[in-house]
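Nothing in this text is a laboratory measurement; each read-out follows from the coordinates by a stated rule. No experiment lies behind these values; they were computed from the predicted model shown. So basically every Cβ, Gly included, is an ideal-geometry build from the backbone, and we count neighbours across all protein chains shown.
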Amino acid sequence: MEELLVPGLGQVRVFLLHDDNKPRKLKYNLGHTRLLTFGGAWSNHIRAVAEAGARHGIETIGVIRGEEHLPLNPTLARAAACGMTLTYLDRDSYRRKDTEEVLARLRARWGGDVTILPEGGSNAAAVRGCAELPGEIGGDYDVICCPVGTGGTLAGISAGLPEGRRALGFAVLKGAGFLEGEVARLQRETYGRTWANWAINLDYHFGGYARTTPALDAFAAEHGVERIYVAKMLYGVLDLARRGAFAPGTRVVAVVTGQPSTPVEA
Ligand SMILES: Cc1ncc(COP(=O)(O)O)c(C=O)c1O
């Protein structure tokens, strides 16, 4: 962990922890022979599943939102090169991808033995993988901060926290109040209980998913961080620290969940 030394934080200390959440979310999802999952055309999750499938000898199917565009963009080209079968779902069906109706259609087409991972990979196995993060942190801290797209990362981090520590997620989507219900649902699904040690800040979405502003772009460039998730979270952390939202002396760990060079989408 490296301390982020920027002016204006007062007695709040912010540490950056580089820890990609995608391997953690996939770790306990890999014991299958065939995996099917969902994502947009720039989905980092799709690519991560394709790469893990190639590494572990798992057949993978990527259900992509919208229509096929050729040539494939770099994300989908990489997924295809890893052996992933790409298929496309119209936007209306894609919105209903978690309903029994659409899932039954997919099972009928791809075989009942296929294991279906939700968009963003957030299921109970992913939560268990992410719950291992706090225990691996060397050094003391009070709050762990992370970006929130589908909620699995925050649900896991919260569940893995030692007594007295807190987790604070930053929603990257606009109007994302529903994510609180999602995080609680994921914790219940995984452990049969919820935790009261987490919260989600909804104020740093910068216009919505994958939206940006000149200020956010400048911030991401200055800190060399990925823009869609990590920059929003880190901007929020520093802004809250400067506004006195953390008590003096608070040690904040900001989890850098992805790298800037990769196009990222939940
Ligand atoms: C870099 C990065 N950070 C954070 C997230 C959000 O994680 P979650 O969907 O578990 O909330 C994602 C999702 O894919 C991501 O790619």
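Tell me, what HN-Hα J-couplings in whole Hz come from the Karplus equation 6.51 cos²θ - 1.76 cosθ + 1.60 at θ = phi - 60° for each residue of the range 69-78, using x for Gly and Pro?
Couplings: 10, 10, x, 4, 5, x, 5, 6, 4, 5 Hz.
Please determine, in degrees from 0 to 90 and to the nearest 10, the orientation of helix 230-242 with respect to the longest principal axis defined by the Cα atoms of the chain, where the helix direction is its Cα long axis.
Helix 230-242 sits roughly 20 degrees off the main axis of the chain.
Note down the net charge around Pro248, summing +1 for each Lys or Arg and -1 for each Asp or Glu among other residues with Cβ under 14 Å from its Cβ. Numbers along the way, then the final one.
Details: positive: Arg13, Arg242, Arg243, Arg251; negative: Asp142.
Result for the neighbourhood of Pro248: +3.
So who's got an amide H within less than 5 Å of the one on Phe170, skipping anything under 5 residues away but keeping other chains? H placed 1.01 Å off N, in plane.
Under 5 Å from the amide H of Phe170: Cys146, Val148, Asn201.
Of all DSSP beta bridges in the chain, what percent run antiparallel (nearest 5)? Please list the in-between numbers first.
Working: 2 of 35 bridges.
Taking every DSSP beta bridge with both residues in the chain, the antiparallel ones total about 5 percent.
Could you give the distance between the Cα centres of the range 1-32 and the range 35-64, to the whole Å?
23
Quote the charge dipole size of the range 30-120 about the Cα centre in Debye, to the nearest 20; the model charges only the Cβ of Lys and Arg (+1) and of Asp and Glu (-1).
Details: 12 positive and 11 negative charges, 23 e Å.
Dipole magnitude for the range 30-120 comes out near 100 debye.
Enumerate by residue number the trypsin sites (Lys or Arg not before Pro) in the range 126-177 meeting two conditions: DSSP loop (anything except H, G, I, E, B), and at most 12 other Cβ atoms within 10 Å of the site's Cβ. Display every interim value, and only then the final one.
Details: sites: Arg128, Arg165, Arg166, Lys174; in loops: Arg165, Lys174.
Sites meeting the loop and neighbour criteria: Lys174.
Among 100-106, 140-146, how do they line up from the highest to the lowest mean number of other beta-carbon atoms within 10 Å?
Per-residue mean Cβ counts within 10 Å order the peptides as 140-146, 100-106.
Measure nothing but the geometry: give the 0 to 90° angle between the long axis through the Cα atoms of 44-56 and the longest principal axis through the Cα atoms of the chain, rounded to 10°.
Roughly 70 degrees, rounded to the nearest 10.
Residue by residue through the range 36-43, what is 3J(HN,Hα) from phi via Karplus (6.51 cos²θ - 1.76 cosθ + 1.60, θ = phi - 60°)? Round to whole Hz and write x for glycine and proline.
Listing the rounded values in order: 10, 8, 10, x, x, 5, 10, 5 Hz.
I need the P(r) histogram for the chain: all alpha carbon pairs, bin width 5 Å from 0 out to the longest distance, whole percents.
The percentages, shortest bin first, are 1, 6, 13, 17, 19, 17, 12, 8, 4, 2, 1, 0.
Run the dipole for the chain about the Cα centre, Lys and Arg Cβ at +1, Asp and Glu Cβ at -1, nothing else charged, and hand back the magnitude in debye, nearest 20.
Working: 30 positive and 29 negative charges, 67 e Å.
For this selection, approximately 320 debye.
GNM on the chain, C-alpha springs below 10 Å: top fluctuator among Leu36, Leu240, Leu117?
Largest GNM mean-square fluctuation: Leu240.
Can you tell me the length gained on complete extension of the stretch Asp20 to Arg91, counting 0.36 nm per residue apart and subtracting the Cα distance?
Values: separation 71, 0.36 × 71 = 25.56 nm, distance 2.87 nm.
Extra length available between Asp20 and Arg91 comes to 22.7 nm.
Counting pairwise Cα distances across the range 30-120, what percent come out greater than 20 angstrom?
Working: 1151 of 4095 pairs.
I get 28 percent for the Cα pairs in the range 30-120 exceeding 20 Å.
Give a quick list of GluC sites (Glu not before Pro) in the range 1-84 that DSSP marks as loop, anything other than H, G, I, E or B, with at most 12 other Cβ atoms within 10 Å.
On the way: sites: Glu2, Glu3, Glu51, Glu59, Glu67, Glu68; in loops: Glu67, Glu68.
Counting only loop positions with at most 12 other Cβ atoms within 10 Å, the GluC sites (Glu not before Pro) in the range 1-84 are Glu67, Glu68.
Can you bin every Cα-Cα distance in the range 70-191 into 5 Å intervals starting at zero and give me the percent of pairs per bin, rounded to whole numbers?
Distribution as computed: 2, 9, 15, 17, 17, 16, 12, 7, 4, 1, 0 percent.
Would you calculate, for the chain, the mean residue ellipticity at 222 nm contributed by helices, counting each DSSP H stretch of 4 or more residues as -39,500 (n - 2.57) and dividing by all residues, to the nearest 500? Show your work: numbers first, answer last.
Details: 10 runs with 97 residues, N = 266.
Calculated mean residue ellipticity at 222 nm is -10500 deg cm²/dmol.
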